[in-house]
Amino acid sequence: MIVLPEAGVASSEVDRLFGGLLLISGIVLALVFGLMLVYIVRYRHSSKLDRGSLAKKTWRIEIAWTAATLLAFFGLFVWGADLYVRTARPHPDPLTISVVGKQWMWKVEYPGGQREINRLHVPVDRNVQLILTSEDVIHDFGLPDFRLKRDVLPGRYESIWLRAMRIGSYHLFCDQFCGTDHSAMIGTVTVMSAPAYQQWLEQNGTSHDLVAEGDALFIRYGCSGCHQAGLAAGGHAARAPSLNGVYMSPVPLSDGSTVIADDRYLHDSILYPKQQVVAGYEPMMPSFDKVLGEEDLVKLIAYIKSLAPHVVRAEQP
């Protein structure tokens, strides 16, 4: 029997939930098939038992066990929903790492500009947010030792929140068939102590972090000409809104609705700017779909996020 390590903060609870589901399902299965066997033998064709009043004899029992199993499964549903909300809820002071899926590899990029292929390093006992997207087809980011998995879709951002509890090396898989070399799309997650993680960052440091590279892209593609990011927070450029302080702030749209400018909103606004037009502005921004790759989008979004006053820019290693 193979027992998976419990690497994440929610791993043991997920195992208990899964065990409860198996236990109740097994009890229901044994009850249903057990009663079927009893009735097959007891009320066989040659049996002389009276069958005329069965409905009157058994309806209380049937209602009782049906209600009991319904309540048991509903209890599991509530437990699972609560666990999902707790694990998916944003956590304070996260370390944000970008992961881009591509046939057939995982490309990982850290706030300081460090890059890896099919490897992910995280510090122990620290909230980590993984921002996931795909360059081509649907993948699935699977961390069995953390009891986590999430579909990774092209053109969309998904998030996984994890908090590693044990130092060690763990498996990383693609859990969605994505092509001929799907089985080779595997990697490792290395959980390190905080000092060892900081040393690893310094040893693998780069000359530019994500924010600096995003700043260069912002200028190269002419974004600064319209958005004029140097304006004071809340100011307005001539043709486009200022991006100062926009991250995680409410944005009023031309259709009267309001959205929060999270990672997904920034990503979609760059690729499909005419879908959610900011109130008071004309839909003049060109689409950068097929122009910017997902790696460049990660850098641009990191730069825009750095313009928010409550976002602390990652230090250079």
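The values are calculated or read from the model by the stated rules, or taken from the named source; none is laboratory data. Since this is a predicted model, take the numbers as computed values, not measurements. Here the Cβ positions follow ideal geometry from the backbone for every residue, glycine too, while neighbour counts run over all protein chains shown. Note: areas computed on protein heavy atoms with side chains; ligands, DNA, RNA excluded. Shrake-Rupley method; radii C 1.70, N 1.55, O 1.52, S 1.80 Å.
When residues of segment 69-101 are filtered for being under 30 Å from P111 (Cα atoms) and not aromatic (F, W, Y), how many remain?
Of all residues in segment 69-101, those under 30 Å from P111 (Cα atoms) come to 83-101.
Those left that are additionally not aromatic (F, W, Y): 83, 85-101.
Matching residues across segment 69-101 total 18.
Mind telling me which of the residues S249, S287, S257, S269 ends up being buried (at least 18 other Cβ atoms within 10 Å of the Cβ) and modelled with pLDDT of 80 or more? Lay out the reasoning, then the answer.
Working: S249 fails: buried (at least 18 other Cβ atoms within 10 Å of the Cβ); S287 fails: buried (at least 18 other Cβ atoms within 10 Å of the Cβ); S257 fails: buried (at least 18 other Cβ atoms within 10 Å of the Cβ).
Exactly one of S249, S287, S257, S269 is buried (at least 18 other Cβ atoms within 10 Å of the Cβ) and modelled with pLDDT of 80 or more, namely S269.
Which one of these does T96 not meet: (1) touching a residue at least 12 places away in the same chain (Cβ under 8 Å); (2) surrounded by fewer than 18 Cβ atoms within 10 Å (Cβ to Cβ)?
So T96 meets the others, but not (2).
Out of the strands (runs of 3 or more DSSP E) lying entirely within segment 103-198, which hold 2 or more residues that are touching a Pro at 6+ places or on another chain (Cβ under 7 Å) and closer than 21 Å to H91 by Cβ?
Details: elements: 105-109, 115-117, 119-123, 128-134, 139-143, 148-152, 158-162, 168-174, 186-192.
Counting at least 2 such residues, we get 128-134.
Among the listed residues G214, G187, G142, identify the single one that is surrounded by 16 or more Cβ atoms within 10 Å (Cβ to Cβ), under 16 Å from E295 (Cβ atoms) and touching a Phe, Trp or Tyr at 6+ places or on another chain (Cβ under 7 Å).
Details: G187 fails: under 16 Å from E295 (Cβ atoms); G142 fails: under 16 Å from E295 (Cβ atoms).
Unique residue meeting the criteria: G214.
Does segment 152-166 include one or more residues that are farther than 30 Å from D268 by Cβ and open to solvent by less than 40 Å² (accessible area, probe 1.4 Å)? Spell out how you get there, then give the answer.
So in segment 152-166, the residues farther than 30 Å from D268 by Cβ come out as 164-166.
Okay, now just the ones that are also open to solvent by less than 40 Å² (accessible area, probe 1.4 Å), so 164.
The answer is yes; a qualifying residue exists.
Please enumerate the residues belonging to segment 6-26 that are surrounded by 14 or more Cβ atoms within 10 Å (Cβ to Cβ) and of a type outside the set (S, T, N, Q). Even if it seems obvious, please write down each step before you answer.
Let us first name the residues in segment 6-26 that are surrounded by 14 or more Cβ atoms within 10 Å (Cβ to Cβ), namely 6-11, 13-15, 17, 20-21, 24-25.
Listed by number, the residues that qualify are E6, A7, G8, V9, A10, E13, V14, D15, L17, G20, L21, I24.
Using the structure shown, decide if Q203 is more than 17 Å from S98 (Cα to Cα), open to solvent by 40 Å² or more (accessible area, probe 1.4 Å), more than 25 Å from the chain's Cα centre (by Cα) and modelled with pLDDT of 80 or more.
Details: more than 17 Å from S98 (Cα to Cα): yes; open to solvent by 40 Å² or more (accessible area, probe 1.4 Å): yes; more than 25 Å from the chain's Cα centre (by Cα): yes; modelled with pLDDT of 80 or more: yes.
In short, yes.
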